[in-house]
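The values are calculated or read from the model by the stated rules, or taken from the named source; none is laboratory data. Just so you know, these numbers come straight off a predicted model, no measurement behind them. FYI the Cβ positions are ideal-geometry reconstructions off the backbone, even for glycines, and counts take in every protein chain you see.
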Amino acid sequence: MTTSKEGAIKDPSLSEKGQLRIEWAAREMPVLNILKERFEKELPLAGLRISGCLHITTETANLAILLKAGGAEVAMCASNPLSTQDDVAAALVEHFEIPTYAINGEDTQSYYDHIHKVLDRKPHITLDDGADLVSTLHKERNELLKNIIGGTEETTTGVIRLNSMAQTGALKYPIIAVNEADTKHLFDNRYGTGQSTLDGITRATNVLWAGKKVVVIGYGWCGRGVASRAKGMGSQVIVTEIDAVRALEAAMDGFQVMPLSEAIIDGDIFISVTGNAHVIDGIHMAGMKNGAIIANSGHFNVEINLEKLQLITTSQRTVRPLVEEHMLNNGRTIYVLGEGRLINLAAAEGHPSNVMDMSFANQALSAEYIAKEGKNLEPNVYVVPKDIDQSVGRLKLDSMGIKIDQLTLEQEKYLSSWEVGT
Ligand code: ADE
């Protein structure tokens, strides 16, 4: 057993505040609450050690508490140095006795030291958000592979990394791509990133969205969410894309579509949500108008080319928390938010609990699935089993008091026959 009060946190005295906020989030997480009742009775994770590398937020705390209720020994670390909510980390350690290694603002060395701390617990199951835990385990701690039954991955960026590991034969255990569940990406990526990105930019800058020209770079599920929420706030939204079908979809959703090299001329606020590197490059920032604001809501801080920005910056200062003003050598001034890290978690609280409820129900049920079936799975990346995805949808609908129709026997027969036509 792990003993209590282990971890690395900023300040244990924040624990009570964190506990209250974790409880507040739980009010909006009915599916996790239902699962908790079942997990407490059935203990599906008894005897298993679970190490998680996720954003340390109130929502993640509720997931960790659920997994512990299911019988697991849980240890957590952060999946981003700027997203940790220090009060939550304190409550996890001090009140819930879940070892947690996460300090907001930690440097890269401490970030990876903390990943090693949760790996030191010799996990049977890993939970990851961005694949830093899995990648560190494979590169530096492969003596741990013998204990591992399987893992889960939360986000698009992580799934892309894992797929490339699987394709080259580097991946050594099965991982369920939680992101691929419909009840995850259709809601969390779209409505969660959509709302929390605008929330983060608003908290950092207090800008008025109405009338602003907002350039959304990338029209995946996150980009779709950000674009539709900005439109709802009265912004004129321009979408940039590299994929023809997504660009077409953006155009038919009513957005202006153009290359970024054209959008820079008019844009007031630029938001990258691509998962790719240097999509906002030096040449773009040099062409932006005076006062332009730049934020990233993609997983890693690679989307804005900050090195190139330094080359054209003559002076800079922090004008508000998480707002860096850059005076450029062309005489203009532009602003980068949250050091280019994902702004919804750096400046706001991440996706609201109500969508994380579904994402983390998929996480918990996938962990239960791995506990049962992991030994029979080859090392590869797997989609969340359809029945888990559907059950999360059903539980969420129930919690919202929404009833839906069922196929009649006649309709079921019709759908399974091929003889009947016009
Ligand atoms: N990813 C995005 N929002 C999040 C949240 N609130 N908690 C954990 N992970 C997240």
Q: Please state which one of Ala46, Ala91, Ala69 is crowded, with 24+ Cβ neighbours inside 10 Å and hydrophobic (A, V, I, L, M, F, W, C).
A: Ala91
Q. Which one is nearest to Ala177 (Cα to Cα) among residues in region 379-422 that are surrounded by 13 or more Cβ atoms within 10 Å (Cβ to Cβ) and of a type in the set (Ser, Thr, Tyr)?
A. Tyr382
Q: Go through region 210-266 and give me each residue that's more than 18 Å from Ala292 (Cβ to Cβ), β-branched (Val, Ile, Thr) and surrounded by fewer than 17 Cβ atoms within 10 Å (Cβ to Cβ).
A: Ile242, Val245
(Q) List the residue pairs whose Cβ atoms are under 7 Å apart, where the first residue sits in region 337-362 and is hydroxyl-bearing (Ser, Thr, Tyr), the second is more than 10 Å from the ligand (Cβ to nearest atom), and the two are 6 or more positions apart or on different chains. (A) Ser353/Glu28; Ser353/Met29; Ser359/Val178; Ser359/Lys184
Q: Taking the residues in region 294-351 that are small (Gly, Ala, Ser) and assigned to a helix (DSSP H, G or I) as candidates, determine which candidate is farthest from the ligand (Cβ to nearest atom).
A: Gly340
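Taking region 55-108, which residues are in contact with a strand residue (DSSP E or B) (Cβ under 6 Å, 6 or more places away or on another chain), hydrophobic (A, V, I, L, M, F, W, C) and part of a loop (DSSP other than H, G, I, E, B)?
Pass one, region 55-108, residues in contact with a strand residue (DSSP E or B) (Cβ under 6 Å, 6 or more places away or on another chain): 64, 67-68, 72-77, 79, 89, 92-93, 98-102.
Then drop every residue that is not hydrophobic (A, V, I, L, M, F, W, C), which leaves 64, 67, 72, 74-77, 89, 92-93, 98, 102.
Listed by number, the residues that qualify are Ala72, Ile98, Ala102.
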**Q.** Yes/no for Leu63 being buried (at least 24 other Cβ atoms within 10 Å of the Cβ) and either farther than 24 Å from Glu42 by Cβ or within 16 Å of the ligand (Cβ to nearest atom) (or both)
**A.** yes
Q.
Looking at Leu119 and the list (1) out of contact with any Lys or Arg (no Cβ under 7 Å at 6 or more places or on another chain); (2) at pLDDT 95 or above; (3) away from the ligand (no atom under 16 Å from the Cβ), which single condition is not satisfied?
A. (1)
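Which ones in region 180-220 are of a type in the set (Lys, Arg) and more than 15 Å from the ligand (Cβ to nearest atom)?
From region 180-220, those of a type in the set (Lys, Arg) are 184, 190, 203, 212-213; that's our starting set.
Result: Lys212, Lys213.
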